[in-house]
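Undergrad: Okay, here's the structure, questions in a sec.
Only the coordinates and a few stated rules stand behind these numbers; no lab work does. Predicted model only: the values in this text are computed from it and were never measured. Cβ sites come from the backbone with ideal geometry, for glycine too, and all protein chains shown count toward neighbours.
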Amino acid sequence: MIVSEAAADNLSEVNKETDIPAVEVSDLTVAYHDKPVLWDIDLTVPNGVLMAIVGPNGAGKTTLIKAILGLIRPVAGQVLIYGRPCGEQRRLIAYVPQRGSVDWDFPTTVLDLVMMGTYGSLGWFRRPGKAERERALRALEKVEMAAFAHRQISQLSGGQQQRVFLARALVQDAQVYFMDEPFQGVDATTERAIIELLRELRSHGRTVLVVHHDLQTVIEYFDWVMLLNVRRIASGPVSEVFTEANLRAAYGARLALIRNGGFTSRSTFQ
Amino acid sequence: MSLLDLEVQAILVVTASACALPGVFLVLRRLALMSDAISHSILFGIVLAFFITRDLSSPLLIGGAALAGIVTVLLVEGLHRTRLVKEDAAIGLVFPVLFCIGVLLISGFLRGVHLDENCVLLGKPEFAPFNRLVIGGEATASAEHADHGHVMPTRGGIDLGPKSLWVMGIILIINLTFILLFYKELKLATFDASLAAALGFAPWLLHYGLMVLVSITAVGAFETVGSILVVALMIVPPATAYLLTDRLAWMIGFSALLAALCGVLGYWLAHPRMLDTCISGSMATVAGAMFSLVLLFAPQRGVLAVLRRRQQQRWDFAQLMLAIHLFNHEKTADAERENRIDHLQEHLNWDPRFARRVVRRAERRGLIRLEEEGMLRLTTPGRAAAEQALQLQ
């Protein structure tokens with residue numbers, strides 16, 4: 001089970017206020033010097049959806065997640081996680097950065113890396129103990145990586161790295177998950193396994209936001225989507241907003257319509 | 001071994017391990033050169049603090065040094081953030097300027113003061129025991145007594161031992177405490193700073209905390225061993241330990257031990273009975289030699305281990321190729337012709353000597369049998385290996 005007893009209680013408390021959206025972003029503008037990366041973003045993500053954030057390269061997808069998490073200081077705007085500023089809701093948030101953002105030669109084991117997900121609930125000074133170890137091992141079983149628990153992390157393949165990152169997010173036992181390109185460079189089996197786990201999270205009432213690259217799988221994988229290109233083009237249920245008109249607005253001339261009914265962006269073939 | 005020998009070694013061991021501890025995180029954070037920058041620019045801070053206190057033994061000097069360390073880090077990061085300068089170039093731009101202002105201030109305004117530029121670079125650990133911590137009374141010992149090979153008694157008061165042993169001992173304890181207290185936080189912030197920030201651990205606070213430690217360690221250590229050795233001790237033992245283990249805790253322990261070993265070996269190599277040379281230089285040389293040995297012979301990551309592993313992979317692959325070749329032909333009409341030891345050259349492009357060695361190894365592993373007239377036959381495990389490689393199972 002991903003959901004522990006304590007967290008389930010926690011969760012039902014949150015769910016009592018079901019009207020409160022998981023994420024609420026208003027007028028968010030982020031700029032590097034005078035170059036705008038995100039222009040006046042408004043976004044409401046209801047509780048319990050599996051949402052894709054799509055947009056061309058340089059659209060500001062990663063920046064949006066980092067700004068929501070408070071890792072980047074916005075020029076303007078406000079972010080609320082379940083009705084409160086992010087700083088007060090850290091225990092409800094799990095974050096999976098891009099796989100390439102860390103040094104995989106770091107001297108540590110797979111189990112140790114997954115245990116890092118428990119650090120947030122431990123707070124300063126307290127060391128992870130037996131309970132945290134157990135949680136980490138269970139999360140590793142969940143992603144079918146238990147056999148690798150004591151391996152050094154540099155021995156993992158790309159897909160395995162991504163599974164381990166996912167396990168680290170699972171032990172955080174959060175209410176809302178932010179994942180930056182979890183499918184990048186992973187094999188088809190891993191992609192399946194990851195999407196199954198994300199669906200399971202959703203079925204437990206968790207909210208999952210995924211920066212996603214592959215337009216062809218949006219309809220199959222997600223129930224909510226945001227199209228982004230510096231500004232918000234559209235967001236809402238996939239069936240309503242994942243339209244050709246919106247895709248054209250986000251991708252412009254780079255969008256190629258392919259015959260089998262899906263859409264793809266040329267950038268994914270580069 | 002005289003008391004002086006013992007005291008100098010104790011100072012070196014304590015200094016070396018104190019440097020190696022924060023060095024582990026510098027190396028893992030790719031900030032190794034920051035130790036170079038900080039250990040030089042602290043001179044600027046020391047001189048400024050000296051202008052205020054006019055006292056070389058004032059603890060304010062350490063405060064000034066720590067401040068100069070932080071200023072260095074801020075300047076480097078500021079320059080880097082303009083995106084006009086790369087980080088390594090920014091380091092190279094900042095510290096020579098601060099260091100040289102320090103040197104100019106010393107030679108221009110502090111001529112009568114004992115702050116020797118040469119000593120700043122290389123230090124004089126052999127004289128460190130003559131500066132003693134004495135309670136009540138007055139220390140009379142001075143460097144002139146070095147030749148006697150023993151420490152002069154002090155007039156009145158209680159001799160508590162060499163001052164630098166105390167200073168570095170305290171710094172070692174501070175470093176150890178910091179790492180033990182914040183082990184988990186340092187590990188997370190070093191491996192994945194953005195997750196650390198998302199979880200509410202202020203990675204920037206740890207970063208500057210670490211830089212303050214590097215600064216006070218450098219200022220404490222450079223007095224005895226000089227700034228060049230500070231750099232060597234902060235980088236070489238951790239870089240060596242990195243090759244020996246894949247656990248952070250072990251890396252920290254190994255670094256401290258290796259650094260201590262450099263202290264002892266370096267001391268005896270430089271001893272009048274051996275090379276009779278500069279201790280700092282010999283310690284850095286020992287450290288370099290230690291790293292080279294580990295680079296070559298480390299059990300997992302060493303150059304030789306990697307070569308041996310590649311060689312083993314080459315043999316394994318060749319045996320598998322052989323098994324697959326035999327497998328593909330064993331039930332065909334041309335099996336009698338193809339599956340012979342003297343045909344491997346023509347079919348697999350192997351030279352005859354290599355082919356014979358592969359066959360011998362595969363036979364020893366029980367993958368194949370060599371029969372009369374050089375016929376090669378797959379055994380059951382050999383066939384299984386081929387099928388598995390071809391994903392037929």
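Undergrad: What percent do you get for the relative contact order of chain B when only Cα pairs under 8 Å and 6+ apart count?
TA: Once normalised by length, the contact order is 19 percent.
Undergrad: While we're looking at this one, here's another question. Apply the Karplus curve 6.51 cos²θ - 1.76 cosθ + 1.60, θ = phi - 60°, to the phi angles in the range A:149-163 and return the couplings in whole Hz, x for Gly and Pro.
TA: Going residue by residue, I get 3, 9, 6, 6, 5, 6, 8, 8, 7, x, x, 5, 4, 5, 4 Hz, with x marking Gly and Pro.
Undergrad: What FRET efficiency, computed as 1/(1 + (r/R0)^6) with R0 = 25 Å and r the Cβ-Cβ distance, is obtained for B:A384 and A:Q155, rounded to the nearest 0.05?
TA: The value I calculate is 0.45.
Undergrad: Sticking with this one: Using θ = phi - 60° and the Karplus form 6.51 cos²θ - 1.76 cosθ + 1.60, what ³J(HN,Hα) does each residue of the range B:53-61 get, whole Hz, x for Gly and Pro?
TA: Here the 3J(HN,Hα) series is 8, 6, 9, 5, 9, 5, x, 4, 4 Hz.
Undergrad: Once label points are set 7 Å from the Cα along Cα→Cβ at both B:E87 and B:L275, what is their separation, rounded to one decimal in nm?
TA: Result: 3.4 nm between the two label points.
Undergrad: May I pose another question? Per residue and in cubic angstrom, what volume does the convex hull of the Cα atoms of the range B:274-319 have?
TA: It comes to 67 Å³ per residue, whole-number rounded.
Undergrad: If you don't mind, another one. So what's the gap between the Cα centers of the range B:277-356 and the range A:16-61, to the nearest angstrom?
TA: Using only Cα atoms, the two centres lie 53 Å from each other.
Undergrad: With an 8 Å cut-off on Cα pairs and a minimum separation of 6 or more residues, tell me the relative contact order of the range A:30-138 in percent.
TA: 18 percent.
Undergrad: Among A:T217, B:T245, which comes first, second and so on when ranked by fewest other beta-carbon atoms within 10 Å?
TA: Starting with the residue having the fewest Cβ neighbours, the order is A:T217, B:T245.
Undergrad: A 22 angstrom limit on the alpha carbon distance is what I want to check against. Which of A:K35/A:K66; A:K35/A:K61; A:K61/B:K86 exceed it?
TA: Violating the 22 Å limit, Cα to Cα: A:K61/B:K86.
Undergrad: Another one. Taking springs between alpha-carbon atoms closer than 10 angstrom, which of A:H33, A:H213, A:H204 fluctuates most in the Gaussian network model of chain A?
TA: Judging by the Gaussian network model, the answer is A:H33.
Undergrad: Taking H placed 1.01 Å from N in the peptide plane, check which residues at least 5 places from A:V23 or on another chain put their amide H under 5 Å from its amide H.
TA: A:V45, A:Y82
Undergrad: If you average the alpha carbon positions of the range A:115-192 and of the range A:80-103, how far apart do those two centres end up, in angstrom?
TA: The distance from the Cα centre of the range A:115-192 to that of the range A:80-103 comes to 15 Å.
Undergrad: Kindly write out, for the range B:278-284 in residue order, the coupling ³J(HN,Hα) from the Karplus curve 6.51 cos²θ - 1.76 cosθ + 1.60 (θ = phi - 60°), rounded to whole Hz, with x marking Gly and Pro.
TA: Result, rounded to whole Hz: 6, 5, 4, x, 6, 5, 5.
Undergrad: Would you calculate a helix-derived [θ] at 222 nm for chain A, using -39,500 (n - 2.57) for each DSSP H run of n ≥ 4 and dividing by the full residue count, to the nearest 500?
TA: -9500 deg cm²/dmol
Undergrad: Angle check, please: helix B:87-109 long axis (alpha carbons) against the longest principal axis of chain B (alpha carbons), in degrees 0 to 90, nearest 10.
TA: Around 20 degrees separate the two axes.
Undergrad: Here is a follow-up. If each DSSP helix of 4+ residues adds -39,500 (n - 2.57) and the sum is divided by the residues in chain B, what number results at 222 nm, nearest 500 deg cm²/dmol?
TA: For chain B, the value works out to -23500 deg cm²/dmol.
Undergrad: What are the residues whose amide H is under 5 Å from the amide H of B:V134, where those residues sit 5 or more places off or on another chain and H is modelled from the backbone?
TA: Excluding prolines and chain starts, which carry no amide H, the hits are B:L160.
Undergrad: Let me ask you something else. Report, ordered by chain and residue number, the lysines lying within cross-link reach of B:K124, taken as a straight Cα distance under 19 Å and ignoring same-chain residues fewer than 8 apart.
TA: Candidates past the 8-residue exclusion: B:K163.
Undergrad: Enter the angle in degrees (range 0 to 90, nearest 10) between the Cα long axis of helix A:5-16 and the first principal axis of the Cα atoms of chain A, meaning the one along which they spread out most.
TA: That helix lies at roughly 30 degrees to the long axis.
Undergrad: Something else now. Exposure proxy check: A:W104, B:W204, A:W224, B:W315 ranked by fewest other beta carbons within 10 Å?
TA: With the sparsest Cβ surroundings first, the list reads B:W204, B:W315, A:W104, A:W224.
Undergrad: When N counts the residues of the protein assembly as shown, how does its alpha-carbon radius of gyration compare numerically with 2.2 N^0.38 Å, as a ratio?
TA: Against the empirical 2.2 N^0.38 Å value, I get 1.22 for the protein assembly as shown.
Undergrad: Principal axes first, then extents: for the Cα atoms of the range B:3-298, list largest minus smallest coordinate on each axis, whole Å, largest first.
TA: Largest to smallest, the principal-axis extents are 60, 47, 32 Å.
Undergrad: Hey, another quick one. GluC sites (Glu not before Pro), restricted to the range B:322-393: which are DSSP loop and have at most 16 other Cβ atoms within 10 Å?
TA: B:E330, B:E371
Undergrad: Give me the lysines in straight-line cross-link reach of A:K130: C-alpha distance below 18 Å, same-chain residues under 8 apart excluded.
TA: Straight-line reach from A:K130, under 18 Å: B:K184.
Undergrad: Cβ under 13 Å from B:A270's Cβ, B:A270 left aside: what net charge do those residues give with Lys, Arg +1 and Asp, Glu -1?
TA: Its environment carries a net charge of -1.
Undergrad: For each of A:I93, B:I179, count neighbouring Cβ atoms within 10 Å of the residue's Cβ, then give the residues from fewest to most.
TA: Ordered by Cβ neighbours within 10 Å, fewest first: B:I179, A:I93.
Undergrad: Under a 5 Å amide H to amide H cut-off, with H placed in plane at 1.01 Å, what residues pair with B:I368 once short-range neighbours are removed?
TA: Under 5 Å from the amide H of B:I368 lie the amide H atoms of B:E363, B:T379, each far enough along the sequence or on another chain.
Undergrad: Any idea how far apart A:W124 and B:A202 come out in nm if each label point goes 7 Å out from Cα toward Cβ?
TA: Going by the 7 Å Cα→Cβ label model, 0.8 nm.
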